Amino acid sequence: MEPVKITYESIDDYIAKAPFEVQDKLEAVRKVIRESAPEAEEKISYQMPTFFLHGNLVHFAAFKKHIGFYPAPRGIEAFQEELAQYKGAKGSVQFPLDEPLPLDLISRIVKFRADENREKAAAKAKK
């Protein structure tokens with residue numbers, strides 16, 4: 001028998017179903033993204049909290065030992081030096097749960113991605 005797959009209706013629902021000890025960190029990430037890209041829409045994509053602005057802006061998710069943050073490969077490349085202390089991959093970074101979240105860095109990455117998505121949408125509109 002396969003395990004029951006949890007689905008989420010909204011970011012509120014995702015955070016409410018997360019372990020209690022990570023809910024504050026998830027809310028902090030959500031808040032800094034909202035402040036950094038206030039016109040972005042919230043949604044669930046790939047069963048993760050997602051912000052959408054002319055396309056996917058960033059995703060984030062809770063795991064057993066870290067918060068995963070997914071700003072696309074360009075968002076990682078642009079801040080590679082500052083992100084070097086964290087585990088990650090081409091389009092993701094892991095912020096350990098036992099360390100303070102780098103909220104200022106997250107904010108700057110979100111602003112970078114928002115500018116990038118706006119520029120891409122403007123270029124597309126000109127065609």
Among the numbered criteria (1) touching a residue at least 60 places away in the same chain (Cβ under 8 Å); (2) outside any strand (DSSP E or B), which one does residue 64 miss? (1)
Subset of segment 89-127 (residues that are of a type outside the set (S, T, N, Q), closer than 22 Å to residue 31 by Cβ and assigned to a strand (DSSP E or B)): 93, 95, 96
Residue list for segment 1-22, restricted to those being outside any helix (DSSP H, G or I) and surrounded by 14 or more Cβ atoms within 10 Å (Cβ to Cβ): 8, 18
Count, please, the residues in segment 23-39 that happen to be among the hydrophobic types (A, V, I, L, M, F, W, C), in a helix (DSSP H, G or I) and in contact with a strand residue (DSSP E or B) (Cβ under 7 Å, 6 or more places away or on another chain). 3
Filter segment 96-109 down to the residues that are touching a residue at least 40 places away in the same chain (Cβ under 8 Å) and in contact with a strand residue (DSSP E or B) (Cβ under 9 Å, 6 or more places away or on another chain), then identify the one that is nearest to residue 60 (Cα to Cα). 106
Scanning for something surrounded by 15 or more Cβ atoms within 10 Å (Cβ to Cβ), under 27 Å from residue 7 (Cβ atoms) and within 13 Å of the chain's Cα centre (by Cα), does segment 73-80 turn up at least one residue? yes
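Computed from the coordinates by the stated procedures, all read-outs in this text should not be read as laboratory data. What you see is a predicted model; the values in this text were computed from it and never measured. Heads up, the Cβs are rebuilt from the backbone with ideal geometry, glycines too, and the neighbour counts pull from every protein chain shown.
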